[in-house]
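Notes follow the structure.
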Amino acid sequence: MRINNCKKMMLFGMIVIALIIANSVYVSADILSNESAKAKEAIDNAIKAIEEMQARNISILRPNESLQKALQLYEAQLALEKSGRSAKYDLVIKYALEVVDIKEKAFKAYDELIVFEEFFNSTAKEIDLSAAYSKNQEILKSFKEERYEDTLKLIDEGYKLVSEIEASHTMVNLFYEAVSGRIKRFLINNWKNILVVLAVFTVVGIIFRKPINKIRIKLKLNDLMSQKKSIDRLIRNLQHKYFETKEISESEYHVKITKFKEMLRDVERQIFITKEEYMKYSKPAVSEKVHTKPSNKKRSKRK
């Protein structure tokens, strides 16, 4: 009897242990199923978000990458769950929520971009916005590349830039109106004096045109001569470094000496042309002397 009772007790204990294990497995499976359901719901919301983006013709390359990662991870964790092993859906939910977040930013950027483009185009009809054109292109490019966070920031910068241009344009117009009115009144009140001054400057310019041009050409010639001296000095220094101190290589020497000689030839050519131009202003005096000599000879022959 005691043996039978012991067997019954052992059997009862094994049944209780089995029930406890089964119950713990059931509870664990139930927890995993809840996590799986949450992940599945997050993926469904992500798919819906992408469909909404497609409906508004917004690019979905960026959110689709996150969705594909979520789906791959979900399938892998679901397989672990079905096999009775531990599964974690944290990353699945993270990537799925990332899709929804991208959609919300994309919609906000899209709506603000439409408003900004209307503002930009309407303002461009009234004032010159060429200085803001590159900023506008940068905004459009950021949206096309799905950098919606950058788009929102750039739109704010675009509004600020256009406002600054508008303010500058307003100031210029006010200044122009004020100054143009004063200039107009000044011209009306002093037109006779202005004509006299212009006439004097014209006469002086005609009288002193030749000496002024001669001085101008002389200054240009002096400048060219200074350039020639500088290049000669550079050539001498280069030759000293190559032949005497050996500070530079042969290839470096030939490259630099060739360049310096080209510069020297160009300056010498300009000096020659400038000298000829300068000599033109001395030709009349020379020509008079030349003309006087034949006339004297002719007179002597006649005698």
- Item | Electrostatic dipole magnitude of the range 209-283 [Cβ: Lys, Arg +1; Asp, Glu -1; Cα centre; debye, to 20] | 720
- Item | Fully extended contour minus Cα-Cα distance, from ARG265 to GLU145, at 0.36 nm per residue | 37.8 nm
- Tabulate in residue order the Karplus-calculated ³J(HN,Hα) for the range 262-270, using 6.51 cos²θ - 1.76 cosθ + 1.60 with θ = phi - 60°, rounded to whole Hz; enter x for Gly and Pro. 5, 4, 5, 4, 5, 5, 5, 5, 5
- Message: As an exercise, use a Förster radius of 30 Å and the Cβ-Cβ distance of THR202 and LYS280 to find the FRET efficiency, rounded to the nearest 0.05.
- Response: 0.80
- Between rounded, prolate and oblate, where does the range 209-283 land on the alpha carbon gyration tensor, with a ≥ b ≥ c its root eigenvalues, rounded for a/c under 1.5, else prolate if a/b exceeds b/c? prolate
- Give me the number: length gained by fully extending GLU247 to SER122, i.e. 0.36 nm times residue separation minus the C-alpha to C-alpha distance, one decimal in nm. 38.5 nm
- What is the extension gain from ARG209 to GLU104, computed as 0.36 nm multiplied by their sequence separation minus the C-alpha to C-alpha distance, in nm to one decimal? 30.4 nm
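Every number here is computed from the coordinates shown, using simple stated rules; none is lab data. Just so it is clear, the structure is predicted and the values come from calculations on it, not from any experiment. Quick reminder, even Gly has a Cβ in these numbers, built from the backbone with ideal geometry, and neighbours come from all protein chains shown.
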